[in-house]
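> Would you mind keeping the following structure in view while I ask a few things?
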Amino acid sequence: MLSETYRAYPAAEPLVAPRAFDCFDARAIGQALQSGEALAFLSEPEIHPGVDRVVAVFSDGRAFAWHQLNGNLAE
């Protein structure tokens, strides 16, 4: 159902979060994306010029979001 509503984000690369965000494990999320345990979707394109909001969704319903550079930065 998610894949019918949202656009997949194949270049998702979770960023390491500050220690205060101990629930966000960038390495584990990245591994889950590689193994297919989680799927990445574009939540909001261009939330700021050159930045997308990405969400990784796990089969158990957990989801994690981060902002990622998209290569569209104006020079």
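> When you scan region 27-36, do you find a residue that is touching a strand residue (DSSP E or B) at 6+ places or on another chain (Cβ under 9 Å) and either assigned to a loop (DSSP other than H, G, I, E, B) or charged (D, E, K, R) (or both), even just one?
No: zero hits.
> Among residues belonging to region 1-43 that are closer than 14 Å to Phe58 by Cα and out of contact with any Phe, Trp or Tyr (no Cβ under 9 Å at 6 or more places or on another chain), point out the one that is modelled with the lowest pLDDT.
Result: Met1.
> Evaluate region 6-15: report whether one residue or more is assigned to a loop (DSSP other than H, G, I, E, B) and of a type in the set (Ser, Thr, Tyr).
Yes, the conditions are met somewhere in region 6-15.
The values are calculated or read from the model by the stated rules, or taken from the named source; none is laboratory data. The structure presented is a predicted model; accordingly, all values stated were derived computationally and were not measured. Reconstructed Cβ throughout: ideal geometry from the backbone, glycine too, with neighbour counts over all protein chains shown.
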